[in-house]
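The values are calculated or read from the model by the stated rules, or taken from the named source; none is laboratory data. Because the structure is predicted, anything quoted here is derived from the model rather than measured. As a convention, Cβ positions derive from the backbone with ideal geometry for all residues, glycine included, and neighbour counts pool all protein chains shown.
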Amino acid sequence: MCGIVGYIGKKQAAPILLDGLKKLEYRGYDSAGIALITPAGNIDIAKAKGKLDVLVEMTDGGKKIKGTCGIGHTRWATHGEPSENNAHPHCNDEKTIAAVHNGIIENYAELKEKLVRRGYEFYSQTDTEVATKLVDYYYKKYGEPLRAISEFALHVRGSYALAVMFKDCPDTIFAIRKDSPMIVGVAGGDSFIASDVPAILKYTKSVYYVDNLQIARLEKGGVTFFNLDREEVSKEIVEITWDAEAAEKGGYEHFMLKEIHEQPKVVKDTLNCVCHNGELDFSEVGLSDEDFTKINGITIVGCGSAYHVGVVMQYVTEDLARVPVRVEIASEFRYRNPVLNGELVIAISQSGETADTLAAVKAAKENGLKTLAIVNVVGSSIAREADYVFYTKAGPEISVATTKAYSAQLVAGYAFAIKLAYLRGKIDKNCYAELLKQLFALPDKIEVLLNSKEQIQKFAAKTMDKKDVFFIGRGADYAVSIEGSLKLKEISYIHSEAYAAGELKHGTISLIEDGTLVLGILTQKDLAEKTLSNLFETSTRGAIIAGIASESVKLPATGLDFVFRIPDVDEHFAPSLAVIPLQFFAYYLSVLRGNDVDKPRNLAKSVTVE
Ligand code: F6R
């Protein structure tokens, strides 16, 4: 949800800013801009509507704007349509202050009114122009940048990561954040700010995670942090373990394709975090065996695909551990005033910054509940908020549509469920060992599926003109259907719905007509027969039907228009295999339809606004 980058150092800033923004484009891509302090000491701004390439071309790769201190922004519009006028950076009338912002200033209308009364004029529809002019107001009042920024923080409501440059302080960037991510990187006297690690990974792996309401002052040679009282605070540098190649395409046509292919590795790496010498060990997560035995109920929260992982986890955990599990969309949980009875709240999030999931964790804590975060990004807000953290090892996920993070979250969930089941005495030692064996067999089985992708590619080519696609399944097959359906609509822009197979005939079947595509997920042996019947009910009404089925699931010799087989595995873990062809299906349809696979329209990777 918007990407911010900043640089101050010995080199020319503009190419570094544009390069950083390229890595952050997944966060927003409807307009972009940069501001630099020029050698003459003025603020120079370049911005353009559209993807970053427009700005790159306009500035000749940054060569047209000189200066060694600058800030940049790639936008996902919240207030005001995508346009050059609304693009960041914004500045005051004298062009002595420029700012970029990620997040939402909730009381911007009220602040704008007050500023208008004080003679300010506004030229854009953005809350960021209000933020910039508010900083300007306090700077003019107190004559001191730090004071201006802390006053800004005291007067705004909402979420923000804000980076500001003042003409009066030519070699300095000031930054502050609240509930929107921001890191500061350092390397040999050069300093960087960014919304996310990949933007600066090429230059440094040494970063500071800026805390809520902390101010960073970046100067040539160093960074200083302050609290809102403008007292200096000390912070620890964190070394990032990802390498720069992890955030590159590595020869693949799209990040999504690369990330699909990384799934065997990320699944293995994630499992290895909690499995040592053939035993599940959650001590790194912070959960002792005793903590597990105290769990009598679980609420899982997440958004989008992370919520879908929660749905799988609900089936698996209830079945294996016999503990009641509720799974809820984080944005509903946070406002629903739920009845909470001492359960563990598990928040699932790749970015660790999703505003609603973060708010759900906070709400759970306010109710005195313990929280476990299953999160990919180290040091992210949700990770820092939760009592226990299970870091998935997916590495940087750049494509907006999640694939490898979803798979890593799934196995984190399975491992949790197995451990809980064992410690609660619901499975014996043999079953525990067998489940672990099956879990560790997943990476090789995913590899087999990666090698069969051409079958899906051909099927996608035959179905690329479909207007509606339905996914159906029962149990864990339903849980994976909702993910397949989301993936499809997200990047192919084909309308799609996922239905619990038994629910279709309670209304939705009226939408089935000649040529509608219905995909059945068939991995749960006891349920597959029923889903098959539901598939055939649609084919008799004109649908084209396809089955994604485990090897040992019996299928009729005729009737299905397309069948894709997946290796057998313990049924609890079948979603990890069934999702692979569904990811490929969405991917190839998106490519065939000429869409921007990694940056689908209207979306952004990290949803830091409600
Ligand atoms: C879909 C997708 C989104 C995210 C959702 C939550 O492909 O990526 O639905 O799963 O926005 O994001 P995180 O996991 O970062 O909280």
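Values for this structure:
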{"item": "Selection within the range 161-189 - hydroxyl-bearing (Ser, Thr, Tyr) and surrounded by fewer than 24 Cβ atoms within 10 Å (Cβ to Cβ)", "result": "Thr172"}
{"item": "The one condition in (1) aromatic (Phe, Trp, Tyr); (2) buried (at least 16 other Cβ atoms within 10 Å of the Cβ); (3) within 16 Å of the ligand (Cβ to nearest atom) that Tyr499 fails to fulfil", "result": "(3)"}
{"item": "Residue within the range 145-153 that is aromatic (Phe, Trp, Tyr) and touching a Lys or Arg at 6+ places or on another chain (Cβ under 9 Å) present", "result": "no"}
{"item": "Inter-residue pairs, beta-carbon under 8 Å, first at positive phi and surrounded by fewer than 21 Cβ atoms within 10 Å (Cβ to Cβ) and in the range 208-220, second part of a loop (DSSP other than H, G, I, E, B) and aliphatic (A, V, I, L, M), 6+ apart", "result": "Leu213/Leu228"}
{"item": "Among the candidates Ile548, Ile512, residue that is assigned by TED's automatic domain parsing to the domain that holds Tyr499 and crowded, with 24+ Cβ neighbours inside 10 Å", "result": "Ile548"}
{"item": "Pairs where the first residue, in the range 315-327, is in the same structural domain as Gly413 (by TED's automatic domain parsing) and the second is surrounded by fewer than 18 Cβ atoms within 10 Å (Cβ to Cβ) and outside any strand (DSSP E or B), C-beta under 6 Å, 6+ apart", "result": "Ala321/Arg424; Ala321/Lys426; Arg322/Lys426; Pro324/Gly297; Val325/Glu318"}
{"item": "Residues of the range 365-406 that turn out to be touching a helix residue (DSSP H, G or I) at 6+ places or on another chain (Cβ under 8 Å), touching a residue at least 60 places away in the same chain (Cβ under 8 Å) and polar (S, T, N, Q), as a count", "result": "5"}
{"item": "Residue within the range 412-434 that is within 16 Å of the ligand (Cβ to nearest atom) and more than 19 Å from Val197 (Cβ to Cβ) present", "result": "yes"}
{"item": "Residue identified as within 24 Å of Ser407 (Cβ to Cβ) and basic (Lys, Arg) among Arg322, Arg326", "result": "Arg326"}
{"item": "Hits in the range 106-129 (condition: touching a Lys or Arg at 6+ places or on another chain (Cβ under 7 Å) and modelled with pLDDT under 95)", "result": "Glu106, Asn107, Phe122"}
{"item": "Any chance Ser380 is under 22 Å from Asp598 (Cβ atoms), within 13 Å of the ligand (Cβ to nearest atom) and in contact with a strand residue (DSSP E or B) (Cβ under 6 Å, 6 or more places away or on another chain)", "result": "no"}
{"item": "Conditions (1) assigned to a strand (DSSP E or B); (2) closer than 21 Å to His88 by Cα; (3) of a type in the set (A, V, I, L, M): number failed by Val116", "result": "(1)"}
{"item": "Selection count where residues are at pLDDT below 95 and within 16 Å of the ligand (Cβ to nearest atom), scope the range 259-304", "result": "0"}
{"item": "Of all residues making up the range 305-331, the number that are among the aliphatic types (A, V, I, L, M) and within 12 Å of the ligand (Cβ to nearest atom)", "result": "4"}
{"item": "Residue satisfying condition, being surrounded by fewer than 22 Cβ atoms within 10 Å (Cβ to Cβ), of a type in the set (A, V, I, L, M) and either part of a helix (DSSP H, G or I) or touching a residue at least 12 places away in the same chain (Cβ under 8 Å) (or both), within set Leu582, Leu555, Leu519, Leu532", "result": "Leu555"}
{"item": "Scope the range 476-496; condition more than 16 Å from the ligand (Cβ to nearest atom) and buried (at least 24 other Cβ atoms within 10 Å of the Cβ); matching residues", "result": "Ala476, Asp477, Tyr478"}
{"item": "Test: residue in the range 216-236 that is of a type in the set (Asp, Glu) and closer than 22 Å to Tyr406 by Cβ", "result": "no"}
{"item": "First in the range 487-502 and assigned to a strand (DSSP E or B), second anywhere and within 13 Å of the ligand (Cβ to nearest atom) and among the polar types (S, T, N, Q), Cβ under 8 Å, 6 or more apart", "result": "Ser496/Ser485; Glu497/Ser485; Ala498/Ser485"}
{"item": "Of all residues in the range 326-348 being of a type in the set (Val, Ile, Thr) and under 24 Å from the mean Cα position of the chain (by Cα), the one that is nearest to Ile374 (Cα to Cα)", "result": "Ile348"}
{"item": "Complete set of residues in the range 387-403 that are away from the ligand (no atom under 13 Å from the Cβ) and surrounded by 24 or more Cβ atoms within 10 Å (Cβ to Cβ)", "result": "Phe390"}
{"item": "Val553 vs. criteria within 16 Å of the ligand (Cβ to nearest atom) and either assigned by TED's automatic domain parsing to the domain that holds Val267 or among the β-branched types (Val, Ile, Thr) (or both)", "result": "no"}
{"item": "Positions within the range 346-372 being within 15 Å of the ligand (Cβ to nearest atom) and either closer than 12 Å to Thr299 by Cα or among the acidic types (Asp, Glu) (or both), in sequence order", "result": "Ile346, Ala347, Ile348, Glu353, Asp356, Ala360, Val361, Thr371, Leu372"}
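Results for (1) within 30 Å of Ala244 (Cβ to Cβ); (2) among the β-branched types (Val, Ile, Thr), shown as yes or no for each residue.
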site	(1), (2)
Asn296	no, no
Glu318	no, no
Val323	no, yes
Ile346	no, yes
Ala364	no, no
Phe390	yes, no
Gly395	yes, no
